[in-house]
Amino acid sequence: MRFGCASGAVKHEENVSAEQSASEANTRVSRAHGDSRRTERVEAAAGQGAQEADGIDPSEAAGVTPSRPASFPKHARLRSRGEYLRVQRDGRRQHTEQFVVLTASAACLNSRIGITVSSRVGNAVVRNRVKRLVREIAREAWRAMDPPGDVVIIAKPSAAETTHAKAAIQLRRALGVSRT
């Protein structure tokens, strides 16, 4: 007995019709006999969520004014490998407990900041947390840098355990910026 060969039929298979009988063709339950609660659940779901009170936006009713998040525009960032290499080659290094800050004279009128967090700091979650932390501190400080310069901030492995306050003190001191 040979299974699966092209020349002969396979003994354990049968020719089965693919057509459905008339009773199986319409197996769908009509609306009258279906789930009567379905329409109620759909309508109830639409009523969930924040409701406007007397035509007032919920954030206004709470006394909170929605604000645009602070941005870190492209012209304030080092973006190419060549820009990072120029700062590393020509820049002045300052070591803090958790960061190395490289500062070089600005190639344009504004200060620009680049952030480097290597895999030695931790896994992707930890690296992204450190980058967000440094980016937030840099966002507060980059306009206040005088004279403008190109800055690369490199996180050391100990930056994984730092707090916002500790990192802010170290980076502001290294950048020569007082609290803004």
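Each value in this text was obtained by applying a stated rule to the coordinates, not by laboratory testing. The shown structure was predicted, so the numbers you read here are calculated from the model rather than taken from an experiment. For neighbour counting, all protein chains shown are included, and Cβ atoms are generated from backbone atoms with ideal geometry for every residue, glycine included.
Ranked highest first by average number of other Cβ atoms within 10 Å, how do 104-115, 88-99 line up?
By packing density, highest mean first, the sequence is 104-115, 88-99.
Which ³J(HN,Hα) values in Hz, rounded to whole numbers, follow from the phi angles of the stretch 149-165 under the Karplus curve 6.51 cos²θ - 1.76 cosθ + 1.60, where θ = phi - 60° and Gly and Pro get x?
Rounded to whole hertz, the list is x, 8, 10, 10, 10, 10, 7, 8, x, 6, 5, 4, 9, 6, 9, 4, 4.
Quick one: 3J(HN,Hα) in Hz for the stretch 96-101, Karplus 6.51/-1.76/1.60 with θ = phi - 60°, rounded, Gly and Pro as x.
10, 4, 10, 9, 10, 10
Could you rank the peptides 81-87, 153-159, 140-146 by their average count of other C-beta atoms within 10 Å per residue, with the highest value first?
Top of the packing list down: 153-159, 140-146, 81-87.
Roughly speaking, what is the centre-to-centre gap between the stretch 97-118 and the stretch 147-161 when only Cα atoms are used, to the nearest Å?
Cα centroid to Cα centroid, the span is 7 Å.
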